[in-house]
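A short worksheet on the structure shown next.
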Amino acid sequence: RLKRRRSHRPTRPAAVLDARMGGGELAARGKALVATLAAELKALDVPPEVPGGTSMAQVSAAAEVVKHGATKIQMLFADGADVPGEAADAMLQDFHGHIVSFLAYATSALGSQGATFDAGVADAARLVSNSCANLVAVATATRAPSPELKPALAEVWAACDALKKLPKNGRAAVSKALMRSAAVVKDVAAELAEIGASGDEELDEKENEPEQPLRHEDDMTFEDGDFDAEELRVARACGAFAQASFEFLKALVSKIVRRTSEDASETEALETALRECRLFQRYVEEVGAGAYPPQALEALAADARAAMERAQAMGMAVGEAGDVQAAAEATAAFEAAHETLASVVEES
């Protein structure tokens, strides 16, 4: 009898062959890690009793480590979840450690820079963690390669990059939010400035044009011809008021943005200014909406008065933050603009 010759080709030990995870087992571990990440996010809901004073540079560096870990996850599972169990376990544990470290840095940055800064950091950190959880879920879901793996990695990268662009301190965070409100008020002023811009001569010319089809009752667009003389006078006064509102915000926001102080008491005053600014923005938007017919003059006057009160409160807060003269000058100019609108409305 001839004996079967032993092959000289190298073979993997049986232990290694058996160490490959089944798709269901790995998916279960992935789901467990996703659940753990969700639970760990609760730390962001409770600011530390004693702020750690961690800088955004440190938080950003931790986010960069998460990016690298996410890339390794994508590379390991690029051909599906049929990978050696030991390698999968080690990679997932390392990735979890990177996320835990990142969240610790992010939490340590909270508590000393004001509510606006804290909210921005916490929201960005949640986005990073949630995108990582999604990456783990996609990577471990099936033995077959997932077409969603690279997009999931891209989401992690985008979340980490967005965090790096956050304001570096409380003053910068408030300044950015104030500029967003100023942009909204500017849009209101620009819209109202178009009312009556055609001029009387152009309106006379349009009287000789063929009659236009009736607009649908739900059409909310307006033309100068939709205003009678008195309504047009009120609308133009509202436009001047909105422009004065923008000038008021521009005067105060520019002072806030240029200052570099990071004093905690100033940050609190600026948070108050921001709260008042958001209310101010809302009332200016109401004045803008009230400029169109049919004009409810009592409501219009009330909204303008509320905007003035919020402007005064905002000016006081900005003054407490160190810009007393600028706040006083801007507030006085806006009060004059309010008086002009109030008198026009009262006469109508």
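The values are calculated or read from the model by the stated rules, or taken from the named source; none is laboratory data. Note that the coordinates shown come from a computational prediction; the quantities given were computed from them, not determined experimentally. Cβ: placed from backbone, ideal geometry, glycine included. Neighbour counts: every protein chain shown. In case anyone asks, the SASA skips ligands and DNA or RNA and just uses the protein heavy atoms, side chains included. Shrake-Rupley method; radii C 1.70, N 1.55, O 1.52, S 1.80 Å.
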Please list 92-101, 242-251 highest first by mean number of surrounding beta-carbon atoms within 10 Å per residue. 242-251, 92-101
Averaging 1/r across every pair of distinct alpha carbons in region 35-135 and inverting yields a Kirkwood hydrodynamic radius, in angstrom, of 14.3
Can you compute the modelled spin-label distance between residue 119 and residue 86, with each label point 7 Å from Cα toward Cβ, in nm? 5.1
How many Å² of accessible area per residue for region 128-171, probe 1.4 Å? 45
Once neighbouring chains are kept in place and the probe is 1.4 Å, which whole percent of the accessible area of region 77-173 is contributed by carbon and sulfur? 59
Lysines whose Cα lies under 20 Å from that of residue 186, excluding same-chain neighbours fewer than 8 positions away: 176, 250, 255
Along the Cα→Cβ direction, 7 angstrom out, place labels at residue 297 and residue 309. What is the inter-label distance in nm? 2.2
Ordered by number, the trypsin sites (Lys or Arg not before Pro) in region 139-170 that occupy a DSSP loop and have at most 13 other Cβ atoms within 10 Å are 165
In nm, to one decimal, how far is the residue 329 label point from the residue 28 one, both placed 7 Å along Cα→Cβ? 7.2
Log10 I(q)/I(0) at q = 0.09, 0.16, 0.20, 0.24 Å⁻¹ for region 223-327, from Debye over equal alpha-carbon scatterers, is -0.28, -0.70, -0.93, -1.19
Calculate the length of the line joining the C-alpha centroid of region 291-331 to that of region 68-115, in whole Å. 48
Rule-of-thumb check for region 129-200: C-alpha Rg over 2.2 N^0.38 Å? 1.98
Based on the Cβ-Cβ distance of residue 65 and residue 282, what FRET efficiency does E = 1/(1 + (r/R0)^6) give at R0 = 41 Å, to the nearest 0.05? 0.50
Among all the lysines, which ones have a C-alpha under 24 Å from residue 150's C-alpha, if same-chain residues fewer than 8 places away are not counted? 31, 67, 72, 164, 165
Please report the relative contact order for region 287-348, taking Cα pairs under 8 Å with a sequence separation of at least 6, and give it as a percent rounded to a whole number. 31
